[in-house]
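Everything below concerns the one structure shown next.
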Amino acid sequence: MTAQEGLSRRELLMKMGIFFNGIVAAVLAVPIVRYILSPVAHERKQGFESWLPLGELNQFPAGQTRFATYRNPVVNPWDGKTADIACWVRNVDGQAFQVFAINCAHLGCPVRWFPQSNLFMCPCHGGAYYQDGSRASGPPERGLFQYHYKIEDGRLLIKAGEMPTPGQKTQSSLITLEPPRCV
Amino acid sequence: MRLIRQVGEWLDARLQIGETVRETAEHPVPRDTASWFYVFGSAALVVFVLQVVTGILLALIYVPSAGEAWNSLQVLNHGIQLGWFIRALHGWGSNFMVAIVLLHMVQVFLFGAYKYPRELTWIVGVFLLLMTLGMAFTGQVLRFDQDAYWGLGIGASIASRVPVLGPAIVNIMLGGPIIAGATLSRFFAMHVFVVPGLLIVFVALHLLMVVKLGINDWPMPGRVVRKATYVQEYHELTKKDGVPFVPGAVWKDLCFSALILLAVAACAFYLGPFGPSGRPDPTIIQTAPRPDFFFLWLYAVLSLLPPSMETPVLLVGPAVVLLALLALPFVFGEGEKSWRRRPIAVLSILLIAVALGSFTHLAGFTPWSPMMDAWSADSIPPKFLQNRSALERQGALVFQGKQCRNCHALANIGGKRGPALDDVAVRRTQNQLVRQVIQGGGNMPAYGKNLSPAETTALVAFLETLRPAGQPTARDASRSVALEPEVGGRPLTQP
């Protein structure tokens with residue numbers, strides 16, 4: 001068989017070789033892509049979102065907003081201090097609580113509580129929030145992120161495990177304070 | 001000497017690259033391109049080599065672990081002999097590299113070097129710019145301090161705004177649900193393996209094309225690029241009036257590169273390394289994170305954009321800029337090269353420079369951020385308190401205690417978030433002041449729930465004293481008219 005009539009033996013073997021390599025590449029790509037995507041597939045990870053204690057109830061007096069920290073449920077030994085996360089606990093009236101994420105709803109900087117003016121202020125881009133977490137001024141499009149909480153044995157627990165970012169609209173551990181605004 | 005030549009001949013008999021190297025070095029370039037304007041590319045390459053060398057030296061000590069990185073930087077700064085100097089060289093080298101790459105790009109743009117047949121050289125260059133900025137950002141993360149931690153939070157918050165895929169992108173970027181050890185590890189891999197590897201490949205392509213296509217001829221007004229004739233014209237030019245690149249042009253590159261290296265070393269020696277700032281402990285929130293110099297303009301843009309514009313601008317803006325840069329050599333591939341005949345090109349560069357410069361300047365004093373300690377740190381200047389009534393002084397206390405000062409300056413001291421209040425009484429009537437304090441608005445929070453009526457009265461009484469001596473307070477002109485029963489015989493209000 002000559003090349004003019006169609007495929008030569010060598011060309012066929014080369015094409016088979018390329019095809020074979022393609023299959024091997026595809027087979028190898030599956031585990032590689034799954035490895036790269038492993039941070040996304042966290043719903044299977046044990047304890048990804050858990051109820052975490054913030055402390056005894058008497059640490060959070062009625063009518064006040066206090067600083068609290070917790071250790072992220074999923075940690076590696078080399079995470080160091082980065083697994084310690086801060087939040088703001090507001091005891092509304094001795095019965096109801098609000099637990100706000102530390103991250104500004106604009107771009108995630110740490111907001112600070114000022115009891116004198118009853119405002120949360122962000123040091124980065126000038127966002128400000130009222131004591132109930134709703135937006136007061138500045139660039140944020142919404143109020144502060146809020147964690148679900150429950151009270152057990154005189155302790156305050158929140159459901160946490162993921163850094164809140166403005167794009168997550170359906171995260172289970174967070175309460176949506178204001179409905180997303182239509183643009 | 002003879003031994004060296006023998007070894008050289010032995011090597012070249014096997015490597016067979018001597019001829020290629022000689023041809024490349026001695027290839028003719030147009031005489032007027034042996035210019036001080038044509039030295040930025042080689043200087044960027046030299047600084048890149050410096051970054052590779054100092055980067056490897058830092059990697060001897062640095063620990064890419066969220067728990068230990070900050071400590072290893074302290075050891076580099078204080079525990080290892082001259083560790084601080086290597087860190088400073090790498091840090092200043094990074095700033096110089098971004099600056100030189102930008103200068104190179106401006107020169108190439110103004111000299112029309114992106115036009116036919118060098119379109120692909122420009123496109124590869126655009127990717128080299130992106131990679132250089134990528135190295136600058138990932139490098140800032142490796143300096144794992146408070147700024148790096150919260151900078152990652154900002155990056156994640158921006159990425160999360162991508163429709164549908166946002167949260168997944170955040171998780172891949174952070175390597176998990178929070179900023180932690182996995183985040184630093186993957187930024188280390190990007191900064192040390194992925195981006196430098198790509199940079200080396202793209203630099204090689206960029207250089208290959210510069211050699212194969214020839215260095216851009218000096219732009220002469222009236223010497224117009226046409227695809228049909230350009231290559232022939234260029235070859236005639238180099239044949240007629242060319243000099244060998246080595247040594248005809250290379251000595252200027254060598255001198256400038258050495259000068260730049262010396263400047264990097266001088267900055268490193270006299271100004272020292274960058275940070276690290278505070279520990280990357282997210283429970284320490286007394287911090288005002290700032291990006292490095294070349295991202296300050298972005299910091300300002302993020303603060304000044306109206307909320308509704310932010311997501312579209314953040315997501316669409318970079319794509320538009322990238323597309324414009326990539327499309328440039330195809331849309332304007334022919335025509336005049338000289339900046340003397342391209343006023344729009346010159347104006348564009350000026351506009352971009354002024355815009356980036358203004359944003360960077362603004363980010364130097366962040367007028368959009370409240371000054372978190374102004375209320376407790378800066379007392380009210382005495383001139384605003386002298387000869388005031390008890391109520392007005394009580395109002396000054398409210399003014400300070402309720403942290404109005406964090407956003408409003410008095411005598412130029414205090415926050416710049418809101419307007420300075422030195423003469424607010426001239427601009428606002430008493431009623432307007434009460435309304436503004438209670439209801440807020442115009443980007444000011446409402447203080448109605450935080451002030452008792454007595455506090456509001458005192459505060460407004462104080463605000464009414466804030467006016468230049470001898471000027472009356474603002475008054476509502478319509479009010480006095482409205483109080484009069486008739487003007488010109490016509491009743492103003494219908495019964």
On the given criteria, is residue A:94 in contact (Cβ under 8 Å) with a residue 24 or more places away in the chain, in a loop (DSSP other than H, G, I, E, B), at the interface with chain B (Cβ under 7 Å from one of its Cβ atoms) and on the phi > 0 side of the Ramachandran plot? no
Out of the residues in region A:112-125 that are in a strand (DSSP E or B) and free of Cβ contacts under 8 Å to residues at least 40 places away in the same chain, which is farthest from the other protein chains (Cβ to nearest Cβ)? A:120
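Can you tell me how many residues within region B:234-245 are of a type outside the set (Phe, Trp, Tyr) and either surrounded by 14 or more Cβ atoms within 10 Å (Cβ to Cβ) or not in a helix (DSSP H, G or I) (or both)?
Quick first cut of region B:234-245, residues of a type outside the set (Phe, Trp, Tyr) only: B:235-244.
Retained after the next criterion (residues that are either surrounded by 14 or more Cβ atoms within 10 Å (Cβ to Cβ) or not in a helix (DSSP H, G or I) (or both)): B:237-238, B:242-244.
Going through region B:234-245 one residue at a time, the tally reaches 5.
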Please find, within region B:392-422, the residue that is surrounded by the fewest Cβ atoms within 10 Å (Cβ to Cβ) out of those that are of a type in the set (D, E, K, R) and farther than 22 Å from residue B:366 by Cα. B:393
Complete set of residues in region A:74-93 that are closer than 30 Å to residue A:115 by Cβ and modelled with pLDDT under 90: A:93
Those helices (runs of 4 or more DSSP H) lying entirely in region B:1-119 with at least 1 residues within 28 Å of residue B:221 (Cα to Cα) and of a type in the set (A, V, I, L, M, F, W, C): B:40-59, B:83-110
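Name the single residue that is nearest to the other protein chains (Cβ to nearest Cβ) among those in region B:252-272 being buried (at least 18 other Cβ atoms within 10 Å of the Cβ) and of a type in the set (A, V, I, L, M).
Applying the first criterion (buried (at least 18 other Cβ atoms within 10 Å of the Cβ)) to region B:252-272 yields B:253, B:256-257, B:260-261, B:264, B:268.
Next, only the ones that are of a type in the set (A, V, I, L, M) stay: B:260-261, B:264, B:268.
On the way: B:260: 34, B:261: 36, B:264: 30, B:268: 29 Å.
Restricting to residues being buried (at least 18 other Cβ atoms within 10 Å of the Cβ) and of a type in the set (A, V, I, L, M), the top hit is B:268.
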Looking at region B:121-141, which of its residues are out of contact with any His (no Cβ under 9 Å at 6 or more places or on another chain) and farther than 30 Å from residue B:273 by Cα? B:122, B:123
Scope region B:160-181; condition touching a residue at least 40 places away in the same chain (Cβ under 8 Å) and farther than 13 Å from residue A:168 by Cα; matching residues: B:179, B:180, B:181
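Identify, from the list A:109, A:104, the residue that is under 25 Å from residue B:281 (Cα atoms), more than 8 Å from chain B (Cβ to nearest Cβ), surrounded by 19 or more Cβ atoms within 10 Å (Cβ to Cβ) and not hydroxyl-bearing (Ser, Thr, Tyr). Can you show your working first?
Details: A:109 fails: more than 8 Å from chain B (Cβ to nearest Cβ).
None of the others qualify; the one that does is A:104.
Which ones in region B:80-102 are more than 24 Å from residue B:128 (Cα to Cα) and touching a helix residue (DSSP H, G or I) at 6+ places or on another chain (Cβ under 9 Å)?
Filtering region B:80-102 down to residues more than 24 Å from residue B:128 (Cα to Cα) leaves B:80-86.
B:80, B:83, B:84, B:85, B:86, listed by residue number.
Go through B:81, B:107, B:51 for me and flag whichever is under 19 Å from residue B:200 (Cα atoms) and either among the polar types (S, T, N, Q) or free of Cβ contacts under 8 Å to residues at least 60 places away in the same chain (or both).
Working: B:81 fails: under 19 Å from residue B:200 (Cα atoms); B:107 fails: under 19 Å from residue B:200 (Cα atoms).
The conditions single out B:51.
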Residue B:193 among the aromatic types (Phe, Trp, Tyr) and free of Cβ contacts under 8 Å to residues at least 12 places away in the same chain: yes
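Looking at region B:417-424, is at least one residue more than 14 Å from chain A (Cβ to nearest Cβ), among the β-branched types (Val, Ile, Thr), within 21 Å of residue B:440 (Cβ to Cβ) and outside any loop (DSSP other than H, G, I, E, B)?
Taking region B:417-424 as the starting set, the residues that turn out to be more than 14 Å from chain A (Cβ to nearest Cβ) are B:420-424.
After this cut, where a residue has to be among the β-branched types (Val, Ile, Thr) as well, the list is B:424.
Now drop any that are not within 21 Å of residue B:440 (Cβ to Cβ), which leaves B:424.
Adding the requirement that they be outside any loop (DSSP other than H, G, I, E, B) leaves B:424.
There is at least one residue in region B:417-424 that is more than 14 Å from chain A (Cβ to nearest Cβ), among the β-branched types (Val, Ile, Thr), within 21 Å of residue B:440 (Cβ to Cβ) and outside any loop (DSSP other than H, G, I, E, B).
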Quick check on region A:116-134. Is at least one of its residues modelled with pLDDT under 90, surrounded by fewer than 18 Cβ atoms within 10 Å (Cβ to Cβ) and at negative phi? yes
Over region B:158-181, the set of residues at the interface with chain A (Cβ under 7 Å from one of its Cβ atoms) and among the small types (Gly, Ala, Ser) is B:160, B:166, B:168, B:175, B:176, B:180, B:181
Being more than 14 Å from chain A (Cβ to nearest Cβ), closer than 30 Å to residue B:303 by Cβ and among the polar types (S, T, N, Q), is that true of even one residue in region B:451-462? no
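For region B:187-230: of the residues being within 14 Å of another protein chain (Cβ to nearest Cβ) and in contact with a Leu (Cβ under 8 Å, 6 or more places away or on another chain), which is nearest to residue B:159 (Cα to Cα)? Don't jump to the end; show me each part of the working.
Here is the first cut: in region B:187-230, the residues within 14 Å of another protein chain (Cβ to nearest Cβ) are B:187-190, B:194.
Filter once more, keeping what is in contact with a Leu (Cβ under 8 Å, 6 or more places away or on another chain): B:187-188.
Values: B:187: 15, B:188: 19 Å.
Going through the qualifying residues, I end up with B:187.
Surrounded by 13 or more Cβ atoms within 10 Å (Cβ to Cβ), part of a helix (DSSP H, G or I) and either touching a Phe, Trp or Tyr at 6+ places or on another chain (Cβ under 8 Å) or within 14 Å of another protein chain (Cβ to nearest Cβ) (or both) - does that describe any residue in region B:273-281?
Start the filter on region B:273-281 by keeping residues that are surrounded by 13 or more Cβ atoms within 10 Å (Cβ to Cβ), which leaves B:273-281.
From the residues that got through so far, the ones that are part of a helix (DSSP H, G or I) too are none.
Checked against the condition, which is being surrounded by 13 or more Cβ atoms within 10 Å (Cβ to Cβ), part of a helix (DSSP H, G or I) and either touching a Phe, Trp or Tyr at 6+ places or on another chain (Cβ under 8 Å) or within 14 Å of another protein chain (Cβ to nearest Cβ) (or both), region B:273-281 yields no hits at all.
Of all the residues that make up region B:368-391, how many are crowded, with 17+ Cβ neighbours inside 10 Å and out of contact with any strand residue (DSSP E or B) (no Cβ under 7 Å at 6 or more places or on another chain)?
So in region B:368-391, the residues crowded, with 17+ Cβ neighbours inside 10 Å come out as B:368-372, B:374-375, B:378, B:380, B:384.
Retained after the next criterion (residues that are out of contact with any strand residue (DSSP E or B) (no Cβ under 7 Å at 6 or more places or on another chain)): B:368-369, B:371, B:374-375.
Residues in region B:368-391 being crowded, with 17+ Cβ neighbours inside 10 Å and out of contact with any strand residue (DSSP E or B) (no Cβ under 7 Å at 6 or more places or on another chain): 5 in total.
The values are calculated or read from the model by the stated rules, or taken from the named source; none is laboratory data. No experiment lies behind these values; they were computed from the predicted model shown. Note: ideal-geometry Cβ built from the backbone for every residue, glycine included; neighbour counts use all protein chains shown.
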